[in-house]
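Please read the structure below before turning to the comments.
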Amino acid sequence: VDFLRSLFSRTLGLSPGEKVLDELTLDGVARYILSGKCKNIICMVGAGISTSAGIPDFRSPGTGLYANLQKYNLPYPEAIFQIDYFKKHPEPFFALARELYPGQFKPTVCHYFMRMLKDKGLLTRCYSQNIDTLERVAGLEGEDLIEAHGTFHTSHCVSFLCRKEYSMDWMKSTVLNAEISLLNYSHFVLLWMYFFLDIVFFGENLPARFFTTMKMDFPRCDLLIIMGTSLQVQPFASLVNRVSNSCPRLLINMEKTGQSEFGMGLFGFGGGMDFDSDKAYRDVAYLSTCDDGCMALAELLGWKAELEEMVKREYALIDSKDAKTKDKEANQSSRSTGAEAGKSDKTE
Ligand code: OAD
């Protein structure tokens, strides 16, 4: 009976652990980080961390991607990321991918805050649902990251015998620059058969590394920071229940998410988070934009100036790289126009 009681209360998230935070506020979290007892921080992030970069999230009413897909005539919004639908109609996904393709967006303050956690040796790993690669642009490396829903960063040949890796630039120039219309639909199906973005569609497995790394990281996590996600997609959402019962969880988001749902508990996903009940002892919700929340936490930690300096320095670097790329492209195009003009002179 004891065994069953403890199993149920663990599964339902009912048995409280040790109270680690002196206060369930951002200040309490900051004091805990500064105490030196918090050495392993995991960040779990979603589309809300990239909205200030100009990339829409999925479910925000009005502005989210799922509210703005009418032009693709989908049977339902999520179909665009559904593997069975994609196999029959790849063009809406590729058209959207072209719009959202990396290279046009800069990481946000929140992305650089995670980089700062890494630089200070506090980041165990960032578990991201995003495919926009902005964590990498901000300076997190492959080892620091689990891209749970895949990434635009690489592509692989889908043939099991081949699995050759293709770079982001290659994919961009060959696939995403091509004209996408029903007329060249068959061309795209053909391409899809051989080359494929490393994106996880609904109905596909998450990368094996997600499962192996999660088992290693979560039990030893000292603080879980969840940012910019509605926590509606499994199995990612249930990661919040993988940390120990004493591990504090900080949510920085525009709305409260991941709270207890009785049904979820019954189905083994755990009890979710508890910010407000009398029993709340470790979950903190800081309702704001991710950028403001990260900057507020940085200020409490005494890192504000450093974070601002990092953002300024990294933006300047990105701008100068962009300027060089544009110059190079302009030179190439003027050279090819010159060559074309020369050719037409001769023909005439
Ligand atoms: P959602 O769009 O479901 O949730 C984004 C969350 O971020 C919402 O709770 C917003 O209120 C919040 N938010 C938006 N902008 C914010 C900001 N600037 N600061 C703070 N919070 C903000 O996005 P995800 O949870 O990432 O999966 O969605 C999860 C998965 O559903 C995606 O990876 C994708 C999608 O279908 C696949 O495609 C497989």
- Query: Looking at (1) surrounded by 17 or more Cβ atoms within 10 Å (Cβ to Cβ); (2) more than 12 Å from the ligand (Cβ to nearest atom); (3) not hydroxyl-bearing (Ser, Thr, Tyr), which is the one condition that is false for LEU231?
  - Reply: (2)
- Query: Which residue pairs have Cβ atoms closer than 6 Å, lie 6 or more positions apart in sequence or on different chains, and pair a first residue in segment 224-245 that is in contact (Cβ under 8 Å) with a residue 12 or more places away in the chain and over 21 Å from LEU65 (Cβ atoms) with a second residue that is of a type in the set (D, E, K, R) and not in a loop (DSSP other than H, G, I, E, B)?
  - Reply: LEU224/ARG249
- Criterion violated by SER244 - all others in (1) in a loop (DSSP other than H, G, I, E, B); (2) touching a strand residue (DSSP E or B) at 6+ places or on another chain (Cβ under 8 Å) satisfied: (2)
- Query: When you look at LEU197, is it within 13 Å of the ligand (Cβ to nearest atom) and modelled with pLDDT of 85 or more, yes or no?
  - Reply: no
- Note on the structure: Just one listed residue, out of LEU117, LEU134, LEU140, LEU122, is modelled with pLDDT of 95 or more, over 15 Å from the mean Cα position of the chain (by Cα) and crowded, with 21+ Cβ neighbours inside 10 Å, and it is LEU117
- Note on the structure: For helices (runs of 4 or more DSSP H) lying entirely in segment 18-101, having 2 or more residues that are within 16 Å of the ligand (Cβ to nearest atom) and in contact with a helix residue (DSSP H, G or I) (Cβ under 8 Å, 6 or more places away or on another chain) picks out 83-88, 91-100
- Item | From the options PRO102, PRO61, residue that is modelled with pLDDT under 95 and touching a strand residue (DSSP E or B) at 6+ places or on another chain (Cβ under 7 Å) | PRO102
- Query: If we keep just the residues of segment 108-158 that are within 14 Å of the ligand (Cβ to nearest atom) and among the aromatic types (Phe, Trp, Tyr), which is farthest from ALA53 (Cα to Cα)?
  - Reply: TYR127
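The values are calculated or read from the model by the stated rules, or taken from the named source; none is laboratory data. A quick note: this is a predicted structure, and the numbers were derived from the prediction, not measured. Cβ sites come from the backbone with ideal geometry, for glycine too, and all protein chains shown count toward neighbours.
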